[in-house]
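Remarks on the structure that follows.
What follows is calculated from the coordinates using simple rules that are stated; it is not laboratory data. Keep in mind the model is a prediction, meaning the values are calculated, not measured. A quick note on method: Cβ atoms are made from the backbone with ideal geometry, for glycine too, and the neighbour counts reach across all protein chains shown.
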Amino acid sequence: MPDPDLVLATKIATVHQRLGDVYGIRAWHKQAEPIDELVATILSQNTSDVNTHRSFQALKQAYPDWAQAMKAPQHELIEVIRSGGLANQKGPRIQNTLLQIYAEQGDFDLNWLEDVPVNEARAWLTQFKGVGNKTASILLLFCFNRPAFAVDTHVQRVSRRLGLAPANASADTVMHVLEDYAAPAWYYPLHINFIRHGRALCKARKPQCESCTLGDICDWYQENSRPVDQ
Ligand code: SF4
């Protein structure tokens, strides 16, 4: 009887290698200050990358420093981010997050998160309303390359179809599986490649399995490509 832990670890290694062959292994580099990433990920909830970028740029243009955004009249800030969608929900969340951070530490510098254990950093970040494990992991992974696996809808869907996690697994369950069985050095490129694969082939409605490099190890494909019994 093969060791199930070893089987899963080997499968994830194969997924990482094959997706890397197709899409490349993207090297990590710091893209943003953590406070910017935190605000941007709150803005990104339930909207496209284009809308997120547009509303984030509008916010930075209206309030060049975060203290200004924190003190701005709420209705004004909501109008500034209107193009990002769900502005009535996101505006107060952003201001409350900024207020809490400023009240706690007197500035908005979150670079200290680089030096505390991931679980502590995640617990601190998820205390803010609207900040879940996905947002926390994005910040920790993208800003510091900390070993926190960010699971968005693409990562969740592709992982479940492959059988890395149960077919109905929550995003948090998928996160724990990937953190337990993937090497930390793979977290960033594998996160990027799950998203690329989810957009290119493993689409929500019609996955293009015939063109996929993972068909032979994909539970969903193996199940759905079987000939119908006569
Ligand atoms: S074989 Fe199909 S379902 Fe499986 S990962 Fe590839 S595209 Fe997705």
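Quick notes on this one:
- Taking amide H as placed 1.01 Å from N in the peptide plane, the amide H of Cys202 sits under 5 Å from that of Gln208, each at least 5 places away or on another chain.
- Prolate/oblate/rounded call for the chain, Cα gyration tensor, a/c under 1.5 rounded: prolate
- In summary, the lysines within cross-link reach of Lys60, defined as a Cα separation below 16 angstrom excluding same-chain residues under 8 places away, comprise Lys71, Lys90.
- Across the stretch 90-107, computed HN-Hα scalar couplings (Karplus, 6.51 cos²θ - 1.76 cosθ + 1.60, θ = phi - 60°) run 6, x, x, 4, 5, 5, 5, 5, 4, 4, 5, 5, 5, 5, 7, 10, x, 7 Hz from first to last residue, x flagging Gly and Pro.
- Simple label model, 7 Å out from Cα along Cβ direction - Asn96 to Asp65, nm: 2.6
- Diffusion coefficient of the stretch 33-155 by Stokes-Einstein, Kirkwood radius over Cα pairs, 10 °C, 1.306 mPa s: 110 µm²/s.
- On Cα atoms only, tilt of 49-62 relative to the major axis of the chain in degrees: 20
- In degrees, nearest ten, helix 34-43 long axis to first principal axis of the chain (Cα): 80
- Residue ranges 61-73, 152-164, 169-181, 132-144 sort as 132-144, 152-164, 169-181, 61-73 when ordered by packing (mean number of other C-beta atoms within 10 Å per residue, highest first).
- Computed from Cα positions, the angle between helix 133-144 and the longest principal axis of the chain comes to roughly 80 degrees.
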